[in-house]
1. Please enumerate the residues belonging to segment 159-182 that are open to solvent by less than 30 Å² (accessible area, probe 1.4 Å) and either within 14 Å of the ligand (Cβ to nearest atom) or without any contact (Cβ under 8 Å) to a residue 40 or more places away in the chain (or both).
2. All but one of (1) open to solvent by less than 80 Å² (accessible area, probe 1.4 Å); (2) more than 16 Å from the ligand (Cβ to nearest atom); (3) more than 18 Å from residue 43 (Cβ to Cβ) hold for residue 194, so report the exception by its number.
3. Which residues, counting only those in segment 1-48, are assigned to a helix (DSSP H, G or I) and within 16 Å of the ligand (Cβ to nearest atom)?
4. Looking at residue 82, is it within 16 Å of the ligand (Cβ to nearest atom) and under 19 Å from residue 188 (Cβ atoms)?
5. So which pairs qualify, if the first residue must be in segment 62-77 and touching a residue at least 60 places away in the same chain (Cβ under 8 Å), the second must be among the basic types (Lys, Arg), the Cβ gap must be under 7 Å, and the two must be at least 6 apart or on different chains?
6. Can you list residue pairs whose Cβ atoms sit under 6 Å apart, with the first residue in segment 24-37 being open to solvent by 70 Å² or more (accessible area, probe 1.4 Å) and the second being at pLDDT 95 or above? Count only pairs 6 or more apart in sequence or on different chains.
Amino acid sequence: MNTSIINDFKDIVLGRRSVKNYDPHVKISREEMTEILAEATTAPSSVNMQPWRFVVIDTPEGKAKMAELASFNTNQVNTSAAVIAVFADMKCFEKADEIYGKSVELGYMPEDVKEKLISAYKPIYENLPERDMRDIVLIDAGLVSMQIMLVARAHGYDTNPIGGYDKQQIAEAFGLEKERHVPVMIISIGKAATEGRPSYRLPVDAVTTWK
Ligand SMILES: Cc1cc2nc3c(=O)[nH]c(=O)nc-3n(C[C@H](O)[C@H](O)[C@H](O)COP(=O)(O)O)c2cc1C
């Protein structure tokens with residue numbers, strides 16, 4: 001059982017550091033990883049399309065394949081319990097009927113609202129230029145990625161978001177369609193063996209204007 005559950009929101013947020021070196025003996029069960037992903041996928045998304053798709057790389061074979069694509073980030077891949085590869089599905093709207101149908105079934109939304117929303121958004125989504133669609137799904141997948149990192153902390157684990165890997169190869173390497181699944185980031189997850197370093201933040205004044 002995982003005994004390191006943290007429930008203090010400030011500690012979760014302010015104590016997060018990118019961790020580059022993990023205790024290789026610590027594994028995360030698929031049951032707990034499923035819980036982490038289920039909690040993280042409460043993230044908001046554009047018209048609730050939830051375009052995030054995950055590949056959880058937790059086997060020695062998967063890790064070896066990921067390490068080859070991970071450029072200067074092989075230590076995180078090799079020592080972590082798992083690497084979560086986050087993708088954004090350019091055809092996320094295919095799940096619209098399922099998402100809205102379930103919302104009606106569960107009593108979250110009346111049928112007529114579902115029909116209205118689907119008929120309003122379907123033509124928009126189906127005709128969006130690829131670049132606009134990409135922007136939408138990347139924003140949504142970025143939000144879920146952040147939630148993964150915070151939920152991981154609540155489960156007592158550390159993470160590192162990683163953009164330094166072979167984005168040309170990763171989808172096909174793990175059996176996804178390259179044109180459809182846009183790589184977002186990979187996230188290593190496990191127990192820190194070496195604490196992450198604190199990092200400087202620009203003061204709020206430098207990044208904010210008030211009107
Ligand atoms: C999209 C993205 C890509 C990143 N890529 C890498 C990477 O390739 N390798 C790495 O060690 N850290 C990577 N980082 C981690 C950042 O360096 C780190 O978040 C930043 O320095 C702030 O430190 P902190 O996460 O400990 O607060 C990435 C972070 C983000 C958000």
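The values are calculated or read from the model by the stated rules, or taken from the named source; none is laboratory data. The structure displayed is predicted, hence computed values, not measured ones. Cβ: placed from backbone, ideal geometry, glycine included. Neighbour counts: every protein chain shown. Only protein heavy atoms, including side chains, enter the accessible area calculation; ligands, DNA and RNA are left aside. Shrake-Rupley method; radii C 1.70, N 1.55, O 1.52, S 1.80 Å.
1. 159, 160, 162, 164, 165, 170, 182, listed by residue number.
2. All conditions pass for residue 194, except number (2).
3. Across segment 1-48, the qualifying residues are 10, 11, 12, 13, 14, 40.
4. no
5. These pairs meet every condition: 76/20; 77/63.
6. If the second residue must be at pLDDT 95 or above, the pairs left are 27/81.
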